[in-house]
1. With a 10 Å Cβ neighbour count serving as the proxy for reagent exposure, in which order, fewest first, do 93, 82 appear?
2. Highest first, please rank the peptides 121-129, 108-116 by the mean number of other Cβ atoms sitting within 10 Å of their residues.
3. Would you list the membrane-span-like helices of the chain, meaning whole DSSP H runs whose alpha-carbon atoms span at least 24 Å along their axis and whose mean Kyte-Doolittle value is at least 1.6?
4. Could you tell me the distance between the Cα centroids of the stretch 22-60 and the stretch 92-124, to the nearest Å?
5. Please rank 248, 264, fewest neighbouring Cβ atoms within 10 Å first, as an exposure proxy.
6. Given a Förster radius of 41 Å and the C-beta distance between residue 67 and residue 145 as r, what FRET efficiency does 1/(1 + (r/R0)^6) yield to the nearest 0.05?
7. Just from its helices, what would the mean residue ellipticity at 222 nm be for the chain, if runs of 4 or more DSSP H residues each count -39500 (n - 2.57) and the sum is divided by every residue, rounded to the nearest 500 deg cm²/dmol?
8. Can you tell me the order of 53-62, 220-229 when each peptide is scored by its average per-residue count of other Cβ atoms within 10 angstrom, highest first?
Amino acid sequence: MSQVSSDWVADAEIAPPLPVVHGTSLLRRSLRLWRTRIGLALLGLIVLLAIVGPYVAPYGPSTPVGAPNSDPSGKAVLGTDYLGQDVLSRVLYGGRSILVMAVLATALGLVVGIAIGLVAAYSRNALDDTLMRGMDVIMALPSILLALVAVAIVGPHAWVIVAAIALTTVPRIARVTRGTALPIVERDFIAASEAMGVPRWRILSGELLPNCLGPLMVEASLRLTYSIALIAGLAFLGLSPNPNGANWGTMIQQNEIVLAVQPWGAAAPIIVIALLTLGTGLIGDGIARTAAGIDRARGEE
């Protein structure tokens, strides 16, 4: 056994481990691309809007300020909605809940999905097959349908929406993690760590996970984009924790019937959601291109 361990250690010295792609290093290099900078600027603008918006809004989110569906004026910059509430104020109030739930759902899905993917890739036995078949079953269900079923059974509570969206995120994260980790598991430095008695959890977190960060960061940005769209979609269907509160998805649903009369009640939240998803998409695309070496020379100019 000692001879085998020595051989593994010697092989590990001959074939060094893959270079670790640290998340901060990848982000720093991706910032050389204009698409990443534009994406960060858009994301930062919308996040700032959601955080600071309620403090600078001219009116409360449910305060009537004029006649329903009135045109933009000095009193209401974007006009009023179908109840006479200020559209601008509701837009400024409406983003915080969507962003918080989207971030929480994505983070929860990442943690669970990464854990499942790493365990599946490292086990290389029946546990791998069992975990992946379970992920396949979840992936076979449409995300919006799974979320609708969960909300219909339990109710449109914030934690239910977060958990349902996180559940739709887990299989995709697990698949990406497993696919990235499988070739790394076969490397000699993993065998050397096992021979030296390194605990399994340290191998998973210290050896496998750092080498999977590049693809996972890209997938995380995509999952965040889909989470935002899914939460807004549920709110559009009237399934939000506070159906009468200010919410971008709810605003679209409430004011779509008066688009021809006063378009800003629905157009303003649509524009904000579009900019938010565009920003996260550009960031993910920039990180993906940097990790793959695409546009590297152009971005370093």
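1. Working: 93 23, 82 17.
Ascending number of Cβ neighbours within 10 Å: 82, 93.
2. On the way: 121-129: 14.6, 108-116: 20.4.
The packing order, highest mean first, is 108-116, 121-129.
3. On the way: long enough: 34-56 (32 Å, 1.64); 95-123 (42 Å, 1.95); 158-185 (39 Å, 1.31); 213-236 (34 Å, 1.41); 264-292 (42 Å, 1.38).
Long hydrophobic helices here: 34-56, 95-123.
4. 19 Å
5. On the way: 248 29, 264 22.
Listed from fewest to most nearby Cβ atoms, that is 264, 248.
6. Numbers: r = 40 Å, r/R0 = 0.98.
Efficiency at R0 = 41 Å is approximately 0.55.
7. On the way: 14 runs with 211 residues, N = 301.
So the helix-based figure for the chain works out to -23000 deg cm²/dmol.
8. Numbers: 53-62: 14.9, 220-229: 23.2.
Peptide ranking by packing, descending: 220-229, 53-62.
Rule-based calculations on the coordinates, nothing more; no lab input. Nothing here was measured: the structure is a model prediction, and the numbers come from that model. A quick note on method: Cβ atoms are made from the backbone with ideal geometry, for glycine too, and the neighbour counts reach across all protein chains shown.
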